[in-house]
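Chemist: Sharing a structure, written as structure tokens. Questions coming.
The values are calculated or read from the model by the stated rules, or taken from the named source; none is laboratory data. Here the structure is a predicted model, which means the values were calculated and not measured. Remember, those area values only see protein heavy atoms, side chains included, never the ligands or the DNA or RNA. Shrake-Rupley method; radii C 1.70, N 1.55, O 1.52, S 1.80 Å.
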Amino acid sequence: MTVNTIVITGAGQRIGLATAKHFHQLGWRVIASYRTERDGVAALRAMGIDCVQADFSSDEQIHQFARHIAELGVSIRALIHNASDWNAESKTDDYAALMDQMMQVHVKAPYLLNLALSPFMTSTEPAGADIIHMTDYVVRKGSEKHIAYASSKAALDNLTLSFAQKLSPGIKVNSIAPALIMFNEHDSDEYKKKALAKSLMGLAPGEDEVINAIEFILNSKYMTGQSINVDGGRALK
């Protein structure tokens, strides 16, 4: 029996962590990157998942991660770019550094990893192999409070279009653009109420909603160069 291999970046917490656990439980071989040691990383290791420390703010660590995957000699069925960074112009006065930081993690890392790992991506399934970029609903509307973040996610969305053309037909390349999916433990009731009111659906659906979108993409034989909006209608509010 052939075991599918999935590479997930930024798998130490939240959506990345849930996705890694999900595919491991389905019997896939999961290779997960993480930047910071967390309880979630320890939990993945305990499950037998290959966890690789990589800080994508460093070009060299991006290349090291790619070399590590290549040296494993596996055939990659799916590559999910979930690693993300979050900062706002209000938190710094070094705007050049902020833009560099956002573009590094959200654009340069996926760009370099796609180029390095796509030669190792194949699938015996009719659906083929997949690359999935995790973008953001702000790609469609921008964000006055997170300008650098929003622009970098928009650039990642554009990478989807370019790589879909470059890697077809053997590899499908798509995006998932989530809005509010889940809250953090420290979020106040006031913040939660305000956040929920921003979407038509008015709920935080949890990680499974993104996993469902991932599964849909993986099962498709025909969709490439597209973005699935998982935003509860927030873009319409």
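Chemist: Relative to the longest principal axis of the C-alpha atoms of the chain, give the angle of the C-alpha long axis of helix 208-219, reported between 0 and 90° and rounded to the nearest 10°.
Modeler: The angle comes out near 40 degrees.
Chemist: So what's the gap between the Cα centers of the range 128-160 and the range 195-237, to the nearest angstrom?
Modeler: So the separation of the two Cα centres works out to 14 Å.
Chemist: Over the Cα atoms of the range 159-237, what Rg and Dmax result, in angstrom?
Modeler: Calculated on Cα positions, Rg and Dmax stand at 15.4, 48 Å.
Chemist: Please state the shape class of the chain: rounded when a/c is under 1.5, otherwise prolate if a/b exceeds b/c and oblate if not, all from the C-alpha gyration tensor. Spell out each step's value before the answer.
Modeler: Details: a/c = 1.41, a/b = 1.36, b/c = 1.04.
The shape class here is rounded.
Chemist: By a straight-distance test (C-alpha under 28 Å), which lysines pair with Lys145 as possible cross-link partners, with residues fewer than eight away in the same chain excluded?
Modeler: Here the lysines satisfying the reach criterion relative to Lys145 are Lys91, Lys108, Lys153, Lys192, Lys193, Lys194, Lys198, Lys237.
Chemist: Hey, another quick one. Hey, any idea what % of the chain's accessible area is carbon plus sulfur with a 1.4 Å probe?
Modeler: Numbers: 6040 of 11930 Å².
Carbon and sulfur together cover 51 percent of it.
Chemist: Here's another thing I want to ask about it. Lysines near Lys221 by alpha-carbon distance under 22 Å, same-chain residues fewer than 8 away left out - which ones?
Modeler: Lys166, Lys172
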